[in-house]
Structure formats: structure tokens, C-alpha cells
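S.K.: Pasting a structure here, questions to come.
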Amino acid sequence: MTPRQVHPIERESYRRLRARADTSHLPPLTRAVAERIVHSSADLGYLDELVIAEESVLRSAADALAAGAPLVADVEMVAAGITARRALCRVREAKGDPATGLTRSAAAVRMALAEVGPGAVWVIGCAPTALEELLRLDARPALVIGLPVGFVGAAESKAALRASGLPAVSNISEKGGSAVAAAAANALLYPDLYDADLYDAAPNDAEEPSV
């Protein structure tokens with residue numbers, strides 16, 4: 001894979017991030033995920049509340065993605081933010097069922113799982129009900145990036161994810177969202193992000209930075 005060209009704005013953003021928070025003690029993939037989330041949100045508070053799977057788990061998920069494992073997003077905004085490859089998202093086709101309390105996002109999880117089966121990487125950045133539904137199913141994921149946002153159900157669904165024992169990336173508060181969830185996925189999809197020296201190389205003129 002050709003090394004990604006880093007835009008000067010992105011390089012300067014990382015320089016400022018690292019000047020304000022020391023992440024050098026983190027293993028490469030853990031650091032890449034944490035820094036990418038902070039970079040996408042300009043919120044250093046994430047460093048105090050992220051709960052990230054062990055480095056070996058992240059490595060297995062990254063290797064699975066590199067080998068073509070399915071990648072599933074809960075909403076189209078998450079899918080659009082994942083820039084290295086296409087993510088499956090079925091929320092447009094899904095239909096909820098108010099009578100049973102099934103939301104459209106939860107229905108989309110059911111549809112997607114029927115297509116991809118076990119071993120997928122799931123990226124949930126919007127709907128707590130999507131994460132709750134995933135936990136009810138026998139998904140057997142390679143990794144769940146569970147970062148839904150909201151005052152109703154978001155923190156609770158992420159707590160349930162951690163309690164499930166599934167390999168996961170989450171945070172402990174209500175905050176989250178499509179941008180940070182996509183950023184965490186991108187950190188696993190771009191191998192050069194694992195290199196701590198990526199942002200110390202000579203500046204170049206490249207495309208605008210992504211999440």
C-alpha cells in the first residue's frame with residue numbers, strides 16, 4: 001500500500017494534539033484509534049473515557065479487514081466517513097415496527113447480519129438501538145466500534161457492550177457520533193496510521209484531511 005500523503009493541516013493538528021496530551025505510552029494501534037477519535041472531534045476528553053480492546057484484538061480486527069472481512073455501519077453518515085473502503089449500511093432499506101418497538105436502525109442491523117454473518121467489524125456511531133440489537137444477536141464480530149451518541153440509551157448501550165465481553169471500542173459517556181466512529185474505523189484501515197512517525201515526516205501537499 002502506498003503511504004498516504006499527509007496534508008500540512010492534518011500534520012499541524014496532530015502536532016498540537018500531541019503537545020497537549022502525551023499518547024506515546026499507548027501501543028501503536030491503540031494510539032492510532034485514540035488519536036484519530038480525538039483528531040476528528042477536537043475533544044481531548046475522549047482520552048479519559050475511551051475503553052479500547054487490547055492491542056492484540058485490534059491487530060486481529062485490522063488484519064481481518066485487510067483480508068476482506070465485512071465492514072458494517074449503522075447509518076449512512078458513518079459509512080460515508082469511512083474513507084478507505086465501502087461499508088455496508090442497510091438503514092435506507094430497513095423498516096421498523098412501532099408495534100414491537102423495533103427501530104429502523106435495529107432492523108437494519110438484522111438485515112446486515114443476515115448478509116455478512118460472523119467475523120465482521122461493526123461501526124455504530126449514531127443509534128443506541130442498533131448497538132442494543134447487535135448485542136441481542138449471535139453476531140460473533142471481529143470487533144464492535146460502539147460509539148453511539150445521545151442522552152437516551154447511548155451510555156447504557158455502551159455499558160452493555162462492555163459487559164458483553166465482545167471485542168470492542170467504546171466510551172463511557174453519552175457523547176460519540178458518526179465522525180468519531182468512522183475515525184476509529186479509519187485508524188484500523190490505514191496501516192500507516194500505526195506509525196507514530198507519520199506526522200513527523202517532511203510536509204507535503206496532499207488532499208484535505210479526513211476523519
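The values are calculated or read from the model by the stated rules, or taken from the named source; none is laboratory data. What you see is a predicted model; the values in this text were computed from it and never measured. Because the Cβ atoms are built from the backbone with ideal geometry, glycine has one as well, and the counts that use them run over all protein chains shown. Please note that ligands, DNA and RNA were not included when accessible areas were found on the heavy atoms of the full protein model with its side chains. Shrake-Rupley method; radii C 1.70, N 1.55, O 1.52, S 1.80 Å.
S.K.: With every protein chain in place, what's the accessible area of Y190 (1.4 Å probe, Å², nearest 10)?
M.R.: Number for this one is 30 Å².
S.K.: Based on DSSP H runs of at least 4 residues, each adding -39500 (n - 2.57), what is the mean residue ellipticity at 222 nm of the chain after dividing by all its residues, to the nearest 500 deg cm²/dmol?
M.R.: Theoretical 222 nm ellipticity from helices: -13000 deg cm²/dmol.
S.K.: Over all alpha-carbon pairs in the chain, figure out the percentage whose distance exceeds 23 Å.
M.R.: It works out to 41 percent of all Cα pairs.
S.K.: Something else about it: Distance between the C-alpha centers of the range 138-184 and the range 29-49? Whole Å please.
M.R.: If you average the Cα positions of each part, the centres end up 14 Å apart.
S.K.: Further question: Using only the alpha carbon atoms of the range 1-115, find the Kirkwood hydrodynamic radius as the inverse mean reciprocal pair distance, in angstroms to one decimal.
M.R.: Computed over Cα pairs of the range 1-115, the Kirkwood hydrodynamic radius comes out at 16.8 Å.
S.K.: So what's the angle, to the nearest 10 degrees on a 0 to 90 scale, between helix 178-189 and the longest Cα principal axis of the chain?
M.R.: 60
S.K.: Could you report the range 1-77's accessible area per residue, 1.4 Å probe, as an integer in Å²?
M.R.: I get 50 Å² per residue for the range 1-77.
S.K.: May I pose another question? On average over all directions, what projected area in square nanometres does the range 70-162 have, based on the convex hull of its Cα atoms?
M.R.: Result: 5.7 nm².
S.K.: Residue separation times 0.36 nm, minus the C-alpha to C-alpha distance between R140 and E76: what's the value?
M.R.: This chain segment gains 20.8 nm when fully extended.
S.K.: To the nearest Å, what is the center-to-center distance of the range 73-131 and the range 5-19, using C-alpha atoms only?
M.R.: 32
S.K.: If you roll a 1.4 angstrom probe over the protein chains with everything in place, what fraction of the accessible area of the chain belongs to carbon and sulfur, to the nearest %?
M.R.: Of the solvent-accessible surface of the chain, carbon and sulfur hold 54 percent.
S.K.: Tally Lys/Arg at +1 and Asp/Glu at -1 over every other residue whose Cβ is under 15 Å from the Cβ of A163; what's the total?
M.R.: Within the 15 Å Cβ shell, the charges total +1.
S.K.: How high is the relative contact order of the range 61-140, in percent, counting Cα pairs under 8 Å that sit 6 or more residues apart?
M.R.: Normalised by residue count, the contact order of the range 61-140 is 34 percent.
S.K.: Here's a follow-up. Taking K and R as +1 and D and E as -1, what net charge do the other residues with C-beta under 13 Å from the C-beta of S178 add up to?
M.R.: -1
S.K.: On a 0 to 90 degree scale, rounded to 10, what angle separates helix 104-116 from the longest Cα axis of the chain?
M.R.: Between helix and principal axis, roughly 80 degrees.
S.K.: Please work out the FRET efficiency for the pair A21 and A163, using the Cβ-Cβ distance as r and a Förster radius of 30 Å; give the result to the nearest 0.05.
M.R.: 0.60
S.K.: I've got another one for you. Normalised by the residues of the chain, what does the relative contact order come to in percent, with Cα pairs under 8 Å and at least six apart?
M.R.: 29
S.K.: Taking every DSSP beta bridge with both residues inside the chain, roughly what % is antiparallel (nearest 5)?
M.R.: 30
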